[in-house]
Each structure stands twice: as structure tokens, then as C-alpha cells.
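Chemist: Got a structure for you, written out below as C-alpha cells; questions coming shortly.
The numbers here are math on the coordinates, done by the rules we state, and not lab data. Predicted model, so just to flag it, every value in this text is computed and none were measured. Positions of Cβ are generated from backbone atoms using ideal geometry, with glycine treated the same way; all protein chains shown enter the neighbour counts.
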Amino acid sequence: MKLSQRICQTEASRTVRFSTLIDQMKREGKNIINFAIGEPEFETPESVRQAVKEALDAGETRYGPVGGIHELRSALARQFAGYGPENIIVSNGSKQVLYSLFQVICNPGAEVLIPSPYWVSFSQQVILAGGKPVLVNTKNHQLDCAAIEKAVTPETAAILINSPNNPTGAVYPASDLKIIADLAEKHDFCIISDEAYEYFVYDGLPFVSPFSFENIRDRLIVIRSFSKSFSMTGFRIGYAAGPEEVIAAMAKLQSHSTGNVCTFAQYGALAALSLDQRILSERKREMEKKREIACAYTAGLFPCIRPGGAFYLFPDISEYLAKTDTDEDFCTYILENTGVAVVPGRAFGRAGHVRISYGISENLLKEGFEKISESLKNLERKR
Ligand SMILES: Cc1ncc(COP(=O)(O)O)c(C=O)c1O
């Protein structure tokens, strides 16, 4: 059977070999401590679960409006000054939001600037949309605004900003976001702001969205998700906020692809929006404490830039690599010797690194790091 060029050009996840090994070890009854997981271990809040049960009992089990139920879109729009429900589309996770967005903004060959390292799906989704991902290296995990401007061409359609960042945990300062906003205006491209980790910004700092810059609102699409913020990864609810014509185009695409997001799940999302803020603050505090634990252990093992947000560390493990070893081999070594799973940096476009998620329980976090420290004693460092 012949497959389309489009799907053939798309790379399968580089973590596949690795996930297969994890599955095999689990089947063999081995205990795995999962530092590879991309979700916080907190439970989905009680009020959210309750709202879903009530929605089910109330018969909210049918097709709904393609772009999301009106109450949810209206509530989401209230977060964005001047926006109404027509500026919001709700999709199956922010993953689908991003997929649809690239489909509607990319003509063949359209270039999308992506600061690197980056979340795995960005580049592949651009390719699936017929566009061309243009990777621009970050400097110490921060935006290199000069390099970004150099990478702009007449084909540049958009830049993708992801702060707090997956995989590095970096939070970009407002001053850099402003430079990017001005570049977008000067060179006439749009900004996609992936704010999946908006609730996880530490050190008492506020979360800053490019939406705060009024001059770019006609070229900005904000992408958010209920997954990480409210521990609702399985609900598959994400949304975009942006200019009406982009949202309408995405809704047109969605009407032919998935239709609406699970109707009763949307009532859970609605309940999440009126969640007691103290629950979210408490969770953030707990996560911040785990960041301290993870940073303290990592500091004794590898060079690692201290992250300001999300729940990932992205240390440089290259001094443990012999000439022919890759970060994938390193992850396999750690997994086989300790049962701790971490993700190779190459999966995020940066070899010689690993991504460690510290969103798991404090006990497991400590146990996992103790095991890694022990097993690294047997690995010679390149010095
Ligand atoms: C930066 C970023 N964006 C988007 C997503 C997709 O999340 P979801 O589809 O669960 O909303 C993820 C998931 O890991 C992510 O890390």
C-alpha cells in the first residue's frame, strides 16, 4: 500500500525505542520510577469529577457545538480582554489545537520559527501542514532574539513561543516576549503562544502572556490546555484564543475532522475554571518544592540550568557519554540499571541532554535520584 508523502516525511517519535523498553520491563514485573512522564501526579480536582458525573446524569452525552459549548467558550473568553466566545475554539487537547492551527495558517513551504530545544510535536505538525519548521537554537535555554530575527525570511508565517517551556522549564522574561512581538509586527508574521504550563511559574513571578501586548493581538493565537494546569490530561481539552477569522477557520477544519470535544468532559473543564484558587496555589507550592529537590540532586550530577517553570529539568549529560554513546544509550543504561525512566534530549532536538520530569511523588522523586546517583558512580566521566 502506498502511503502519502506527507506522512512519510513525518518522523516517528524518537522515544519509541525507549517506551518499548519501558513497557517490556513493566511486563516483566519490574518497578519503573517514571521521570519521563509529562503530567503532574495530582488527582483531578473533586469538583471537576463531580461536574462530569452531573453532566452525564443530566444527559449531556450528545453531539455539541463543533467549537465547544457556549458556556465554556464564554468563560474562557473572559480571560482575554475584548474577546467573546467567537474568539475561542475548544479542541481535543492543545495538541489538536496546534495541529488545526498549523493546518489553517501554513501554505506549502510556509516557515515556522521554533526555538530549540522544543516539544516534539511542534516540528512534525508543521511538516504535516506542508510547512517548514525552522529551528533556532536558544542560548542557555532563553530566546536568542538576534538569531530569531536573522532566521526571518519572506516565507516566515509564524513563530512558536512556549513559555514555561517543555523540555527545559525555561520562562522567558516579558522584555524578550516584547522583542518578539515587535519583530512579528515589523516582519508581518504571527505569534503562536503555547501556554500549556501557565500555572507553573515559580519564584513568586507572575505568568506573562504575549496577549499583554495590545499591538499584536491581531496576529497572536494563544494556546492553552486543561491537561497540566488542572491535572486533566485524560479529558483531552485544550483551546485557542485568537482573531475571529483564524478561530472560524479552525472550527471549519474541526467540523470535518473530530467534531466537538466530548460533551460531558467540557462541563468538567467549566467547573475547573471556578476552582478554589487555593487548591491551585497549594499545588504550585508543592511542585516548587519538588523543583528544589530535583535541582539539588541534579546539581551534584550534571550541569543544569535552573528552570523557572513547568516541571522539567533538562541537564547536560554529555560528560558521561563516551565517543560513540548517545543520550538514548545513556537513558537505556539508566533504565536498565536503576528502573528510572528519563527521556533522551534528542527527542527534543538537543542531543547530549535528558529531560527529567519531577511531577511525581516526593518519595519516588528522591528514590529515583538516589538510584541514578548510585548507578552514575559506575560510569566514567569525560573530564
Ligand atoms: C508544550 C506542550 N504543548 C502542548 C502539549 C499537549 O498537551 P495536551 O494535548 O494534553 O493539551 C504538551 C504536552 O505535553 C506540551 O508539553
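Chemist: Please report, to one decimal in angstroms, the Kirkwood hydrodynamic radius of the chain built from all distinct Cα-Cα pairs.
Modeler: 21.8 Å
Chemist: Separate question: Lysines near LYS252 by alpha-carbon distance under 24 Å, same-chain residues fewer than 8 away left out - which ones?
Modeler: Correct list for LYS252: LYS95, LYS132.
Chemist: Then there is this: Among GLU11, GLU28, GLU195, whose mean-square fluctuation peaks in a Gaussian network model of the chain (Cα, cutoff 10 Å)?
Modeler: Maximum fluctuation in the GNM of the chain, among the listed residues, is at GLU28.
Chemist: Nearest-5 percent of antiparallel DSSP beta bridges in segment 61-273?
Modeler: Just about 35 percent of them are antiparallel.
Chemist: Right, something else. Between the DSSP loop rule and a limit of at most 10 other Cβ atoms within 10 Å, which GluC sites (Glu not before Pro) in segment 304-383 are left?
Modeler: GLU380
Chemist: Quick one: what are the phi-derived ³J(HN,Hα) couplings along segment 179-188, Karplus 6.51/-1.76/1.60 with θ = phi - 60°, whole Hz, x for glycine and proline?
Modeler: Once θ is set to phi - 60°, the couplings for segment 179-188 become 4, 5, 4, 5, 4, 4, 5, 4, 9, 6 Hz.
Chemist: Then there is this: Compute a Gaussian network model of the chain, connecting alpha carbons closer than 10 Å, and tell me which residue from SER274, SER123, SER231 fluctuates the most.
Modeler: In this elastic network of the chain, the residue with the biggest mean-square fluctuation among SER274, SER123, SER231 is SER274.
Chemist: Of HIS70, HIS256, HIS353, how do they rank once you tally other Cβ atoms within 10 Å and put the fewest first?
Modeler: Fewest-to-most ranking of HIS70, HIS256, HIS353: HIS256, HIS70, HIS353.
Chemist: Would you work out the charge dipole size for the chain about its Cα centre, treating the Cβ of every Lys and Arg as +1 and the Cβ of every Asp and Glu as -1, and quote it to the nearest 20 debye?
Modeler: Here the chain has a charge dipole of around 620 debye.
Chemist: List, in the order given, every pair from LYS26/LYS228; LYS139/LYS178; LYS289/LYS377 whose Cα-Cα distance in the structure shown is over 19 Å.
Modeler: Correct reply: LYS26/LYS228; LYS289/LYS377.
Chemist: Ranking CYS295, CYS145 by Cβ neighbours within 10 Å, fewest first, what do you get?
Modeler: CYS295, CYS145
Chemist: Over all Cα pairs of segment 261-363, how is the pair count split among 5 Å bins, expressed in % and running from 0 up to the last occupied bin?
Modeler: Binned Cα distances yield the sequence 2, 11, 17, 19, 15, 11, 10, 8, 6, 2, 1.
Chemist: Let me check against my output: what whole-number percent is the relative contact order of segment 254-383, with C-alpha pairs under 8 Å and at least 6 apart?
Modeler: The value is 23 percent.
Chemist: While we're looking at this one, here's another question. Going Cα to Cα from LYS150, which aspartates and glutamates come in below 20 Å? Please leave out same-chain ones fewer than 8 positions away.
Modeler: Correct list for LYS150: GLU111, ASP176, ASP182, GLU185, ASP188.
Chemist: If amide hydrogens are placed 1.01 Å from N in the peptide plane, which non-local residues have theirs closer than 5 Å to the one on VAL354?
Modeler: ILE317, GLY345
Chemist: Anyone know which of LYS95, LYS53, LYS150 comes out most mobile in the 10 Å Cα GNM of the chain?
Modeler: Among LYS95, LYS53, LYS150, the largest mean-square fluctuation in the Gaussian network model of the chain belongs to LYS150.
Chemist: In addition: Can you compute the helix-only [θ] at 222 nm over the chain? Use -39500 (n - 2.57) per DSSP H run of at least 4 residues, normalise by all residues, nearest 500 deg cm²/dmol.
Modeler: -12500 deg cm²/dmol
Chemist: Fewest to most neighbouring Cβ within 10 Å: what's the order for THR168, THR153?
Modeler: With the fewest neighbours first, THR168, THR153 line up as THR153, THR168.
Chemist: Here is a follow-up. Using Cα pairs closer than 8 Å and at least 6 residues apart in sequence, work out the relative contact order for segment 2-100, in percent.
Modeler: 13 percent
Chemist: Among SER209, TYR199, ALA184, whose Cα projects farthest towards the positive end of the dipole of segment 61-273, with charges put on the beta-carbon of Lys, Arg (+1) and Asp, Glu (-1)?
Modeler: Ranked along the dipole, the leading option is TYR199.
Chemist: Pairs of Cα atoms under 8 Å, at least six residues apart: use those to get the relative contact order of segment 61-273, whole percent.
Modeler: Relative contact order here is 29 percent.
Chemist: Does segment 1-143 come out rounded, prolate or oblate by the C-alpha gyration tensor, with a ≥ b ≥ c the root eigenvalues, rounded set by a/c under 1.5 and, if not, prolate when a/b is larger than b/c and oblate if not?
Modeler: Taking the square roots of the gyration eigenvalues as a ≥ b ≥ c, segment 1-143 is oblate.
Chemist: Tally the DSSP beta bridges in the chain and give the antiparallel ones as a percent, rounded to 5.
Modeler: If we restrict to bridges inside the chain, about 45 percent are antiparallel.
Chemist: Please name which of GLY67, GLN277, ALA146 has its Cα lying farthest along the dipole of the chain towards the positive end, using unit charges on Cβ (Lys, Arg +1; Asp, Glu -1) and the Cα centre as origin.
Modeler: It is ALA146.
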